[in-house]
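**Q** Handing you this structure, nothing more for now.
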Amino acid sequence: MSDTPARSSRPRVLIMAFQGWSDAGDATTEVLQHLAGLTDAEVLHVIAAEGYVDFQVHRPKLLFDAEGKRVLEWPDTRLYGIVQRPGEEPDPDAETVRLLDGSPVTDLFLLAGVEPARDWQTFADEIVEVIDAWSIDSVIILGSMFSDAPHSRPIVTSVSTESAALRAETGAVRSSYEGPVGIATVIDLALADAGIETISLWAQVPHYVHSTPSPKATLALLDKLEELLDIVIPRGELLAQANEWEANINRIAAADEDMSRYIRSLEESRDEALAAETTGDAIALEFEKFLEGGRAENAEPPSDEEE
């Protein structure tokens, strides 16, 4: 009997991310690596890099295999999944991704690769075929972008989808963005055309620390994934890494008055925007209560028969 991915009654979900333009601070690829490590995900399918990837930008790596033989590792796009072998029982105490009832997640797939340099539509069509072949029900596309975000404040995430049903279910919005896009958007539209429910989850990364990975943004994406999928994801060392990341930036800024002044301006802008948003929500809520109260006061009293 061949090894097969575990199957449960829950929908099969694929989380995908690509190195490159949509991976600011390595936030999205770190999410996939973290989830793959927790679930012991194994390679199920490979989309070869040949014809898609510019090897002068993403060069293959020379490695030694288990037998000491030199081999090339190409920058392919790989689908990972949780494989359940006959006779194997999961360790109930293992640190892994779990459902809210404590049972391990077995229906999660991961797709990782680099942003192709060419033939994006053909590449997107291949992704759609893979999703169909593995009977995947829904997809979450991760992205991270550099923005005017202060490192000292919570990382802002946004969730969008073309599906009205998913917007109602998750609180996501329909993206109104127009402008240059990456492979994530091309795939998003291809999946929508194929009738596959897709959510885009993006995080904002401080642009002034672009040269280092951002574990704080990775944590923010994991937080949102927990909320969207009703799962529990152990954080491992990520929280400590995020605290160290923030502390290191604070130390650098403390020695640079211009940088400190710039960060303070970002903090003030973020705090003002948050205050305005909070105030607006509060006013809208009170107005809604007022309208409901007015409707109740103007309602006709029940008849004797209704009583």
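The values are calculated or read from the model by the stated rules, or taken from the named source; none is laboratory data. Not measured: the values here are computed from a predicted model. Glycine also receives a Cβ, built like all others from the backbone with ideal geometry; neighbour counts cover every protein chain displayed. For the accessible areas, the whole protein counts, side chains as well, though only heavy atoms, and no ligand, DNA or RNA atoms are used. Shrake-Rupley method; radii C 1.70, N 1.55, O 1.52, S 1.80 Å.
**Q** Pull up segment 184-226, narrow it to residues that are under 15 Å from VAL31 (Cα atoms) and among the charged types (D, E, K, R), then point me to the one that is nearest to the chain's Cα centre (by Cα).
**A** This residue is LYS224.
**Q** Among the numbered criteria (1) in a strand (DSSP E or B); (2) open to solvent by less than 50 Å² (accessible area, probe 1.4 Å), which single criterion is violated by LEU63?
**A** (2)
**Q** Going by what's in this entry, would TYR80 be described as in a loop (DSSP other than H, G, I, E, B) and hydroxyl-bearing (Ser, Thr, Tyr)?
**A** When the stated conditions are applied, TYR80 does not pass them.
**Q** Please find, within segment 105-142, the residue that is farthest from LEU229 (Cα to Cα) out of those that are in contact with a Gly (Cβ under 8 Å, 6 or more places away or on another chain) and open to solvent by less than 30 Å² (accessible area, probe 1.4 Å).
**A** Within segment 105-142, the match that is farthest from LEU229 (Cα to Cα) is VAL114.
**Q** In this structure, does ASP230 turn out to be surrounded by fewer than 14 Cβ atoms within 10 Å (Cβ to Cβ) and free of Cβ contacts under 8 Å to residues at least 12 places away in the same chain?
**A** Criteria not met by ASP230.
**Q** So, of the residues in segment 66-104 that are touching a Pro at 6+ places or on another chain (Cβ under 8 Å) and of a type in the set (A, V, I, L, M, F, W, C), which turns out to be surrounded by the fewest Cβ atoms within 10 Å (Cβ to Cβ)?
**A** LEU72
**Q** Among the residues of segment 1-37 satisfying the criterion of being open to solvent by less than 30 Å² (accessible area, probe 1.4 Å) and more than 30 Å from HIS207 (Cβ to Cβ), which is modelled with the lowest pLDDT?
**A** Among them, the one singled out is ALA6.
**Q** Moving to a separate point now. From (1) within 18 Å of THR29 (Cβ to Cβ); (2) free of Cβ contacts under 8 Å to residues at least 60 places away in the same chain, pick out the condition that doesn't hold for GLY68.
**A** Condition not satisfied by GLY68: (1).
**Q** Between a residue in segment 235-255 that is in a helix (DSSP H, G or I) and any residue that is small (Gly, Ala, Ser), which pairs come within a Cβ distance under 6 Å, given they are 6 or more apart or on different chains?
**A** Note: pairs meeting the criteria are ALA253/SER260.
**Q** Considering GLY102, GLY37, GLY51, GLY68, which residue is over 30 Å from LYS224 (Cα atoms), out of contact with any Ser or Thr (no Cβ under 9 Å at 6 or more places or on another chain) and either assigned to a loop (DSSP other than H, G, I, E, B) or of a type outside the set (D, E, K, R) (or both)?
**A** Of the residues listed, the single one that is over 30 Å from LYS224 (Cα atoms), out of contact with any Ser or Thr (no Cβ under 9 Å at 6 or more places or on another chain) and either assigned to a loop (DSSP other than H, G, I, E, B) or of a type outside the set (D, E, K, R) (or both) is GLY68.
**Q** Pairs please, first residue from segment 170-185 and without any contact (Cβ under 8 Å) to a residue 24 or more places away in the chain and under 14 Å from TRP202 (Cβ atoms), second anywhere and surrounded by fewer than 17 Cβ atoms within 10 Å (Cβ to Cβ) and among the hydroxyl-bearing types (Ser, Thr, Tyr), Cβ atoms under 9 Å, 6+ apart in sequence or on different chains.
**A** Every condition considered, the pairs that remain are VAL173/SER158; THR185/SER175; THR185/TYR177.
**Q** Which of the residues belonging to segment 166-183 are over 19 Å from LEU225 (Cβ atoms) and more than 16 Å from the chain's Cα centre (by Cα)?
**A** ALA168, ARG174, SER176, TYR177, GLU178, GLY179, PRO180, VAL181
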